[in-house]
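As structure tokens, the structure follows; a few thoughts come after it.
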Amino acid sequence: QVQLVESGGGLVQAGGSLRLSCAASGSIFSIRAMAWYRQAPGKQRELVGKSTRGGSTNVADSVKGRFTISRDNAMNTMYLQMNSLKPEDTAVYYCNADLFSGSGLWGQGTQVTVSS
């Protein structure tokens, strides 16, 4: 019943910024944690960062200092603020929700392309 929709992707120049949004709808109370992943062409999907219901957030070392995760209090929306973007950040960015039931689900992804 939970649905995730990503938005905010696009084409930007290196050094620019984007803010991605992941909007959750449905049984929001069933979400235990949310996370951002990304998958570049020819690479495995990797964890970018996550946010727990308790309010803690963290990002991967590869984007630390450039990317920041935030969320609203009800965990309806999770944001990924991306600054100082590099061409290697080019990927499809996916939102993931971890449910109390033990299952998880994915959004459909949003494309981020960083040109040099």
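Taken together, the values in this text are just the output of simple stated rules run on the coordinates, not laboratory data. This one's a predicted model, so the numbers in the text were calculated from it and none came from an experiment. So basically every Cβ, Gly included, is an ideal-geometry build from the backbone, and we count neighbours across all protein chains shown.
Here are some notes:
- At 0.692 mPa s and 37 °C, Stokes D of segment 28-69 from Kirkwood alpha-carbon radius, µm² per second: 290 µm²/s
- Among 16, 55, 102: highest mean-square fluctuation, GNM of the chain, C-alpha pairs under 10 Å: 102
- Convex hull projection area averaged over all views, the chain, Cα basis, nm²: 6.7 nm²
- Convex hull of segment 62-116 built on C-alpha atoms - directionally averaged projected area, nm²: 4.8 nm²
- Additional length obtainable on full extension of the chain from residue 40 to residue 83, 0.36 nm per residue less Cα span: 13.7 nm
- Between residue 100 and residue 1, the contour length at 0.36 nm per residue exceeds the Cα-Cα span by 34.3 nm.
- Charges were assigned to the Cβ only: +1 to each Lys and Arg, -1 to each Asp and Glu. The resulting dipole of segment 16-107 about its Cα centre is roughly 60 debye.
- Relative contact order (%) - criterion: Cα under 8 Å, at least six apart; region: the chain: 36 percent
- Within a Gaussian network of the chain (alpha carbon springs, distance under 10 Å), most fluctuating of 11, 80, 47: 11
- Residues of segment 81-116 with amide N under 12 Å of a point placed 7 Å along Cα→Cβ from residue 53: 98-102
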